[in-house]
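The values are calculated or read from the model by the stated rules, or taken from the named source; none is laboratory data. This structure is a prediction, so every number in the text was calculated from the model and none was measured. Note that we place each Cβ from the backbone using ideal geometry, even for glycine, and neighbour counts take in every protein chain shown. Accessible surface areas use protein heavy atoms only, side chains included; no ligands, DNA or RNA. Shrake-Rupley method; radii C 1.70, N 1.55, O 1.52, S 1.80 Å.
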Amino acid sequence: MTTVLDIQRFKDEGRRFAVLTAYDFLSARILDEAGIPILLVGDSLGMVMLGHPTTLPVTLDDMLHHARAVARGSRQALLVGDLPFMSYQVSTEQAIASAGRFIQEAGMHAVKLEGGGPVIEITRRLAEIGIPVMGHLGLTPQSVHTMGGFKVQGKTDAQAARIMSDAKALEQAGAFSVVLEGMPSKLANTITQTLRIPTIGIGAGPGTDGQVLVLHDMLGLTTGKAPKFVKRYANLAEDIARAATAYSDDVRTGKFPGPEHEYSANGSAPAKDREEVRYGG
Ligand code: KIV
């Protein structure tokens, strides 16, 4: 199984690595078997899976529900649960309780928290009690209203200096890695070269130690114009629409089900079919 020590070794050996979000059992199993070393149960699931306009409405219970499904699908990957808005900002005690639920009830191996400032002390406490922490700096979606929208951060010298000092403080506090989102590549490069722990970029250029993408963006399941930092490796939205239309046409015209889909009195039983298909359990 991939551990936080492996992730550090990747950086020490100069091996770049991929991280993907996962929100459900089946996609976790596919990504895990494909060898993706870190699966992030991101609060982006609020927008991708639940249809909210931001990540702010996502609750800890929403996250735990998806995290449990991901844990059931995964054997090898390091699993990181994203602490949602208002599950860690109230107090260190609240953060410990929320992070503890991810580990104890949902099979996660680590948690992610957004921001610097007060989050540094929370990170220190979580690391001290044995809960690995992934930091998240730059464009932090839970602060969308403070940022005035999903905007690139760290463009001014003052902003860049603040992000750099938060990154150093997170490392000092015991974070095992830090996501750098939505910032100029130059800043992400400088942070990556300064920190001992790995950086994981999204919209932060090619210079970080790892890269993370939202699975549904990468697969082309989200439609419309892809953000600049996304590369679509498939066009599954088109594939699904094509398959659904073909199925609907076949049902309408009587082509499906065909004779090969029928059970006869002495043929195979539905129970046996169900054993062969790879559901959970
Ligand atoms: O919620 C999420 O998916 C994330 C990643 C994009 C880093 O925070």
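Couple of notes before you dig in:
- Qualifying position, being assigned to a helix (DSSP H, G or I), of a type in the set (S, T, N, Q) and either on the phi > 0 side of the Ramachandran plot or surrounded by 21 or more Cβ atoms within 10 Å (Cβ to Cβ) (or both), among Gln159, Gln153, Gln142: Gln142
- Selection count, segment 236-281, where residues are closer than 30 Å to Gly224 by Cβ and either of a type in the set (A, V, I, L, M, F, W, C) or at pLDDT below 85 (or both): 8
- Candidates Thr194, Thr208 - the one that is in the same structural domain as Val48 (by TED's automatic domain parsing), in contact with a Gly (Cβ under 6 Å, 6 or more places away or on another chain) and among the polar types (S, T, N, Q): Thr208
- Hits in segment 172-191 - residues which are more than 16 Å from the ligand (Cβ to nearest atom) and crowded, with 20+ Cβ neighbours inside 10 Å: Ala173, Leu187
- Ala127 being among the aliphatic types (A, V, I, L, M), over 15 Å from Val178 (Cα atoms) and either modelled with pLDDT of 95 or more or in a helix (DSSP H, G or I) (or both): no
- Exactly one residue among Met1, Met86, Met47 is within 12 Å of the ligand (Cβ to nearest atom) and open to solvent by 40 Å² or more (accessible area, probe 1.4 Å), and that residue is Met47.
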